[in-house]
Amino acid sequence: SYSGLRLDGMFNGKKGASRLNLIVEIGALSLPDRLVFHRLVVPRLKHMDLKTTLEATGQDARRTLKSWTRLFQEKGLLDKDLDGDNMQRLDELFSDRDLFVSSKSAIAHFTRYVYNGSTHCPLIAAHSGCTFDHNVLRHTTMRLKLPQLDAKKMVDTIPVARRCVPGLKSYALGALHRHLFGEGFEMAHHAMADVHAMVRVMTHLSQQEKIPVHGLWKPSNSRN
């Protein structure tokens with residue numbers, strides 16, 4: 001089986017420096033059963049408000065707040081006319097327990113979703129996963145003292161795309177989707193929109209290579 005993963009978060013810090021990641025959304029889709037996992041996540045650290053969290057994690061507060069404001073405006077959870085630096089409104093939004101769960105709950109629920117009652121970890125694929133999603137997931141589980149997922153099962157879709165569709169100027173998910181299907185996709189950079197786009201791309205490539213989706217991570221099975 002296979003789980004497509006997208007973590008939306010922010011991280012900051014000088015090159016080579018230790019960085020803390022703040023997750024605000026997790027989305028995944030399993031194949032072949034197509035079970036969906038989605039959580040909106042409170043990014044605040046325990047016992048801290050949003051302002052203190054941003055300071056403690058070394059975030060560029062202006063950039064982070066602008067990004068989150070846009071994200072939740074596009075989801076219809078914040079008014080469109082809000083200032084991009086509206087920290088108080090975001091802090092209030094993250095306090096909505098009907099919409100948001102703690103990062104510890106979100107990661108624990110995601111781990112149960114991944115295993116789905118099995119003792120074996122499936123492939124967990126993410127676009128640019130080796131440089132972002134998987135690192136965020138591992139660092140967050142370590143920080144929260146939660147069980148680690150099997151790092152050997154965490155795979156990246158970028159090398160697959162480069163192998164199957166050589167010669168593109170960009171292998172960003174939007175560019176790849178546009179190349180394969182002739183159009184972009186709505187709500188790009190939202191967790192579930194990116195997950196569905198990634199699954200469409202990987203399914204297309206598996207059909208092109210005439211192998212199951214999980215076989216895309218076995219180069220010896222590829223015509224390329």
Exercise for the section: Return one number: the angle in degrees, 0 to 90 and rounded to the nearest 10, between the long axis of the Cα atoms of helix 103-115 and the longest principal axis of the Cα atoms of the chain. Expected result: 20 degrees
Handout entry: Per residue value of the accessible surface for the chain (all protein chains in place, 1.4 Å probe), Å²
Key = 53 Å²
Exercise for the section: Have a look at region 109-224 and give its Rg and Dmax from the Cα atoms, expressed in angstrom. Expected result: 15.0, 44
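Longest exposed-loop-site-free stretch of the chain, with trypsin sites (Lys or Arg not before Pro), DSSP loop and at most 14 other Cβ within 10 Å?
Value returned for the longest uninterrupted segment is 98-144.
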Problem - Contact order relative to length of the chain, as percent, for alpha carbon pairs under 8 angstrom and 6 or more apart - result: 22 percent
Practice task
Express the C-alpha Rg of the chain as a ratio against the empirical globular expectation 2.2 N^0.38 Å, rounded to two decimals.
Solution key: 1.04
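In nm, what is the difference between 0.36 nm times the number of residues separating Leu180 and Ser118 and their Cα-Cα distance? Write out the running numbers ahead of the final one.
Details: separation 62, 0.36 × 62 = 22.32 nm, distance 3.42 nm.
Working it through step by step, the gained length comes to 18.9 nm.
Given Lys104/Lys152; Lys153/Lys210; Lys104/Lys210; Lys75/Lys210; Lys46/Lys75; Lys80/Lys153, which pairs have Cα atoms separated by over 31 Å?
Lys104/Lys210; Lys75/Lys210; Lys80/Lys153
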Problem - Potential lengthening between Cys130 and Gln207 on full extension [0.36 nm per residue; Cα-Cα distance subtracted] - result: 25.3 nm
Fill in the blank from the handout: Nearest 10, in degrees from 0 to 90: the angle of helix 61-74 to the longest Cα principal axis of the chain is 70 degrees
Completion exercise
Under the helix-only model (-39500 (n - 2.57) for each DSSP H run of 4 or more, divided by the residues of the chain), the mean residue ellipticity at 222 nm, to 500 deg cm²/dmol, is -12000 deg cm²/dmol
Fill in the blank from the handout: Between Lys169 and Ser102, the FRET efficiency computed from the C-beta separation at R0 = 45 Å comes out, to the nearest 0.05, as 0.65
Exercise for the section: Calculate what fraction, in whole %, of the accessible area of the chain sits on carbon and sulfur atoms when a 1.4 Å probe is rolled over the protein chains. Expected result: 51 percent
Problem - Between 0 and 90°, nearest 10: helix 191-209 axis offset from the chain longest Cα axis - result: 10 degrees
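The values are calculated or read from the model by the stated rules, or taken from the named source; none is laboratory data. Computed from a prediction, not measured in an experiment: that's the story for all the values here. Glycine also receives a Cβ, built like all others from the backbone with ideal geometry; neighbour counts cover every protein chain displayed. Side chains are part of the model used for accessible areas, which takes the heavy atoms of the whole protein and leaves out ligands, DNA and RNA. Shrake-Rupley method; radii C 1.70, N 1.55, O 1.52, S 1.80 Å.
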